[in-house]
Amino acid sequence: MSTSSRAVSGLPKQAGVEDYSIVAVPSDQRKSFLNVSITSCAWIISLSTLFTGGALAAGLSFGQAVLAAVSGMLILAVYGFFQGWMGAKYGVSTTVLARVAFGRSGASLFGLLLSLTLGIGWFAWQIAFFGLTIEQMFPGQWFADQTVAMIWGGLLMISTAFIGYRGLAAISYVAVPLIVLLSVWGFIASVNYAGSFEALVHSQPLGGSMTLFAGITLVVGNAALGAVVFPDVTRYGKTPFKGGFGASSGYFLGGVFAIVGGAAMSFAAQVPGMGSTPNIPAAMAQIGLGFLAFLILVFAQWTTNDSNLYTGALGLRNVIKLPKFVIVLVMGVLGIIIAVAGIQDKFVPFLNILGTYVPPIAGVMIADHFLVGPFIRKSSYQFGPGTEYIKLNVAAIAVVVGAGFTASKLNWGIGAINATLIAFAGYFIISWIFNRFDWPVGFGKSKEDENGF
């Protein structure tokens, strides 16, 4: 019996709003390459990505900003491909997939990390950012009051995350073409406002100076975490390649599109900045987008922040025995409360620290699946009722912590990529040494029950 069928046999309750959260997605529920690609594209098109383009415009020329966008997103697409490949091959979420490399309890720690960073922390921060942006665009309007905008914006984001992947895919099919159409309109408006395409292309930095490498680092840092959790989308892919390449291509194209769009509007409008970053909402208004800008911002934030909540809920579902839709509602409401209370910024330093230790998780998972499993343990991945996992892989967790700490101390390279590569190489070497001397990498055993726990 296949891994997928073993995992879902006799478990109809895993469908619907439960969204196969801790079991494999059955083969007859898998989606097309286009479906996976558009859904991952919607993940990356967000306010923060548009603002990343504005940040590049502050220190790079237009040509350099485009090069930084392409280079940075290509890096993410490459390592995200391997994560996405695994998700589609086994049909399980990132945290369930992590059970093999990190052990059952280790995967639960990862799930808690995702719920804290994406499901609550960044979800709340993005809601607050959304409310502030809408208020700046439509001053004096009742629906644009920051608190009101945070509430209705947060409820929109909760609604699609509540449904699960089907909700994300449905809103993505509406939002991505609309955002692309409106953004193309915005780019044309930018060219007209700048006087000519040539004038836009030859635009010089709006503020100080930034190296191209620093620009690439900015792009990677904005979206590194999303590439780590590609399996949450690609578990619905029909084949490993279609899942991995579908997610990577959508993420790459969406990221480049949004970053270049944000940079173009910033260069054209030449508006005063918000700190060191050009003010994207003001730039949209300056070049005459008006209500179109409102639609872009609403859909861009909706399609990204519901994914934050979705991934955070999948992570926590791996830890606690509550229905996924209950977890989504509780985490979403908590995020709105944090945003309305205005305390979301107090979490940002903590979230940034945690974020340093998420990319190396991908390094360990990729090394475990493609090298350690077949060549050192000489065992394949299995999921479903009766599958036995190690309770806690101490070596894997130690490598993640060590790689994150080492990368945070390096003053060269791109932090997220440094951490991933260090973890990849470190985990392979440590696994080989432990296997050579027959040392245990962890302790305990845990068997998966008929409900996926």
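The values are calculated or read from the model by the stated rules, or taken from the named source; none is laboratory data. Since the model is a prediction, treat every value here as computed from it, not as a measurement. Glycine also receives a Cβ, built like all others from the backbone with ideal geometry; neighbour counts cover every protein chain displayed.
One residue alone among A313, A339 is more than 25 Å from T39 (Cα to Cα), in contact (Cβ under 8 Å) with a residue 60 or more places away in the chain and touching a helix residue (DSSP H, G or I) at 6+ places or on another chain (Cβ under 6 Å), and that residue is A339.
The number of residues in segment 177-229 that are among the small types (G, A, S) and free of Cβ contacts under 8 Å to residues at least 24 places away in the same chain comes to 3. Considering segment 24-56 alone, what residues qualify as being in contact with a Phe, Trp or Tyr (Cβ under 8 Å, 6 or more places away or on another chain) and either part of a loop (DSSP other than H, G, I, E, B) or at pLDDT below 90 (or both)? Residues satisfying the conditions are A24, V25, P26, R30, I45, L47, S48. Does A396 meet the test of being at pLDDT 95 or above and in contact with a Pro (Cβ under 7 Å, 6 or more places away or on another chain)? It is false that A396 is at pLDDT 95 or above and in contact with a Pro (Cβ under 7 Å, 6 or more places away or on another chain).
Please determine, by comparing only the residues of segment 134-152 that are outside any helix (DSSP H, G or I) and not aromatic (F, W, Y), which one is surrounded by the most Cβ atoms within 10 Å (Cβ to Cβ). Among those residues, the one meeting the criterion is D145.
I134: closer than 18 Å to F257 by Cα and either in contact (Cβ under 8 Å) with a residue 60 or more places away in the chain or in contact with a His (Cβ under 8 Å, 6 or more places away or on another chain) (or both), yes or no? For I134, the condition - closer than 18 Å to F257 by Cα and either in contact (Cβ under 8 Å) with a residue 60 or more places away in the chain or in contact with a His (Cβ under 8 Å, 6 or more places away or on another chain) (or both) - is not met. Going residue by residue through segment 52-72, is there one that turns out to be hydroxyl-bearing (S, T, Y) and either in contact with a Lys or Arg (Cβ under 7 Å, 6 or more places away or on another chain) or closer than 17 Å to A300 by Cβ (or both)? Looking through segment 52-72, at least one residue is hydroxyl-bearing (S, T, Y) and either in contact with a Lys or Arg (Cβ under 7 Å, 6 or more places away or on another chain) or closer than 17 Å to A300 by Cβ (or both). Of I343, I361, I337, I353, all but one fail to be of a type in the set (V, I, T), out of contact with any His (no Cβ under 8 Å at 6 or more places or on another chain) and surrounded by 21 or more Cβ atoms within 10 Å (Cβ to Cβ); the exception is I361.
Test I296 against the criterion of being of a type outside the set (D, E), surrounded by 20 or more Cβ atoms within 10 Å (Cβ to Cβ) and more than 19 Å from the chain's Cα centre (by Cα), and give yes or no. Yes; evaluated as a whole, the condition is true for this residue.
Restricting V70, V78, V66, V100 to those that are on the phi < 0 side of the Ramachandran plot, buried (at least 24 other Cβ atoms within 10 Å of the Cβ) and touching a residue at least 60 places away in the same chain (Cβ under 8 Å) reduces the list to V100.
Which residue out of V92, V96, V66 is within 19 Å of F252 (Cβ to Cβ), over 16 Å from the mean Cα position of the chain (by Cα) and β-branched (V, I, T)? The conditions single out V66. For V328, the criteria (1) more than 30 Å from G452 (Cα to Cα); (2) in contact (Cβ under 8 Å) with a residue 60 or more places away in the chain; (3) out of contact with any Ser or Thr (no Cβ under 7 Å at 6 or more places or on another chain) hold in every case but one, which is (1). The condition of being at pLDDT 90 or above and not acidic (D, E) holds for only one of L314, L297, L292, that being L314.
In segment 378-401, of all residues being touching a Ser or Thr at 6+ places or on another chain (Cβ under 8 Å) and of a type in the set (A, V, I, L, M), the one that is nearest to G363 (Cα to Cα) corresponds to A395.
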